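See below for the structure under consideration.
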Amino acid sequence: MTHPRRRPAPLRREAVLATVPVAVAALLTAAGPAVAAGPAGTAGVGDPYFPLAGNGGYHVSHYDLTLRYDPARRHLAGTAVLTARATQRLTRFDLDLHGLRITGLTVDHVKAGHRRDGQELVVTPRRALRKGERFQIAVAYNGTPGPVTDPDGSPDGWIPTDDGAFVAGEPQGAMTWFPANNHPLDKSSYDFHLTVPQGRTAVANGVLLAQRTAKGTTTFHWRQTEPMAAYLATATVGNFKVTRYTTRDGVQVYDAVDPREAAAAGPVLKKLPSVLEWESGLFGPYPYRAAGSLVDHAPDVGYALETQTRPVYDRAPDLGTLVHESAHQWFGDSVSLTSWKDIWLNEGFATYAEWLYAEQHGGDSAQKSFDALYARPATDGLWAFPPGAPGSGAHIFGTPVYARGAMTLHALRTAVGDRAFFRILRAWATQHRYGHGTTAQFERLAQRQSGRNLHALFTTWLYTQGKPRHP
């Protein structure tokens, strides 16, 4: 993600079922005291910044979402069918859902008890679920969805626009439009069946399987097979000009652009295939079957998001923003966080990709970008907090996460040399493909690949308060 209120200058505005590895399920049951074994699943996975995000006791392998949205009334009616596996014995479990009315809920086709507790939808099945048992949850719901407000004051989730909705869920917003296990630890495959008034387009993640129009409405069926965290799902609706093509690598591209943004967006979006090819050369093969861009006209939103396979932009992006969001397909989407405090692994890497792209395409060198930032005085906001420990959810999109995160990578590159550095980047993206990674794991990988003890470097750049000393 990039965000002008979150990223002050000089940074640019960023403005078939999949199977999750056993190790991920182990994380869900061993994330700390909050997910200890017991008869009821916990209300969160114990994330230090978002303690109610996600849910303990089960893993969702697949979401099948059937949604009907009326932009004129801003009304959403939905049915969500979740295929899950219990990671402990469960007499009760939670889903994350904010502000929508439940009209029906079953577990394995049997009516289940449920109650609301803030953002938690607490479900009591008719019988206890055994550890390891696969089960299906079906939730019918409706209402007028709207965003939640993040700790930094920005909107997140289902954001109405003048012709539909801008749907971007980082970090909390998925729960504003479907019941979810809403933490990056839990990754799933998805089917989306989106019905909107004829003439509108509904865009989700992955590959468009079908589109049919009847009786004044159009239904779009999208499928995302590779595992995806809930915050990366989208169901953006609007009046869009659509362009479809396949790259020479066989990736299906779907661009949806608000006509008001088309003139500015067109020249940039044409570079997407070459950007993905360049990034694949550095980071390893592109992780998905689909790609594209979703350019809305939503200037009040103020940010773009790396929704998986198809980033959503609040306006026409510049080239740096396109590079940034595309890099997230590797760093953040394919390789996901286990905790929001590690978000520099997403934003620092995507920002450094911008630096590398400029360096290799006639712009400033990465060293020059580093030097310009390091020249800022110790009182500058760049040094307000260390990127490896932002301190709270209010800071995860702050300048240090992006800029000092990128500076950490450049300091690493300077220390180990280009050959080892680019080997580290590629190994990180390929070894953790479709999985998760932590800062500690990245440090160990960098040390193995370079043959050097890098603990002091990471401590200085990621965890030291204030402006670090730099030779």
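The values are calculated or read from the model by the stated rules, or taken from the named source; none is laboratory data. None of these values were measured; they are calculated from a predicted model. In this analysis, Cβ positions are derived from the backbone assuming ideal geometry, glycine residues included, and neighbour counts consider all displayed protein chains. Just the protein is used for accessible areas: all its heavy atoms, side chains included, with ligands, DNA and RNA removed. Shrake-Rupley method; radii C 1.70, N 1.55, O 1.52, S 1.80 Å.
Numerical summary
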| quantity | calculated |
| --- | --- |
| Anchor Lys467: lysines whose Cα lies under 21 Å away (excluding residues fewer than 8 positions away in-chain) | Lys341, Lys368 |
| Three principal axis lengths of the stretch 198-242 [C-alpha, angstrom, descending] | 34, 18, 17 |
| Volume per residue of the C-alpha convex hull in the stretch 163-319, rounded to whole Å³ | 116 Å³ |
| Top positive-direction residue, dipole computed over the chain with Cβ charges, set Thr464, Ala264, Gln367 | Thr464 |
| Dimensionless Rg/Rh of the chain - Kirkwood Rh, Rg from C-alpha atoms | 0.96 |
| At q = 0.15, 0.16, 0.19, 0.23 Å⁻¹, base-10 log of I(q)/I(0) for the stretch 256-381 (Debye sum, equal scatterers on each alpha carbon) | -0.76, -0.85, -1.13, -1.38 |
| Pairwise Cα inverse-distance average, inverted: Kirkwood Rh of the stretch 333-462 (Å) | 14.9 Å |
| Pairs of Cα atoms farther than 17 Å apart, the stretch 107-188, % | 58 percent |
| Descending principal axes extents, the stretch 147-253, alpha-carbon based, whole Å | 39, 35, 23 |
| Rg/Rh for the stretch 176-222, where both radii come from Cα atoms and Rh is the Kirkwood radius | 1.06 |
| Electrostatic dipole magnitude of the chain [Cβ: Lys, Arg +1; Asp, Glu -1; Cα centre; debye, to 20] | 940 debye |
| Amide N of the stretch 164-200 lying under 12 Å from the label point, which is placed 7 angstrom from the Cα of Arg126 along Cα→Cβ | none |
| Value of relative contact order over the stretch 200-330, rounded to a whole percent, pairs C-alpha under 8 Å and six or more apart | 24 percent |
| Where Asp150, Asp380 fall by accessible area, highest first, once all protein chains stay in place (1.4 Å) | Asp380, Asp150 |
| The stretch 349-420 - charge dipole about Cα centre, Lys and Arg +1 at Cβ, Asp and Glu -1, debye rounded to 20 | 160 debye |
| Segment Ala210-Thr459, extension gain: residue separation times 0.36 nm, minus the distance between their alpha carbons | 84.6 nm |
| Expected-Rg normalisation [2.2 N^0.38 Å, Cα atoms] applied to the stretch 60-206 | 1.05 |
| Convex hull of Cα atoms in the stretch 249-296, direction-averaged projection (nm²) | 3.4 nm² |
| Overall form of the stretch 303-371 per C-alpha gyration tensor (a/c, 1.5; a/b vs b/c) | oblate |
| Potential extension, Glu133-Asp70 segment - 0.36 nm per residue separation minus Cα distance | 18.9 nm |
| Solvent-accessible area per residue for the chain (1.4 angstrom probe, square angstrom) | 36 Å² |
| Total formal charge among the other residues, if their Cβ is under 9 angstrom from that of His183, Lys/Arg +1 and Asp/Glu -1 | -3 |
| Virtual spin-label span in nm between Ala263 and Asp380, 7 Å along Cα→Cβ | 3.6 nm |
| At 1.567 mPa s and 4 °C, Stokes diffusion of the stretch 82-141 via Kirkwood alpha-carbon radius, µm² per second | 111 µm²/s |
| Listed residues Thr149, Asn205, Gly104: farthest to the positive end of the dipole of the stretch 104-212 (Cβ charges) | Gly104 |
| Hits among lysines - C-alpha to C-alpha of Lys131 under 28 Å, sequence gap 8 or more where chains match | Lys111, Lys187 |
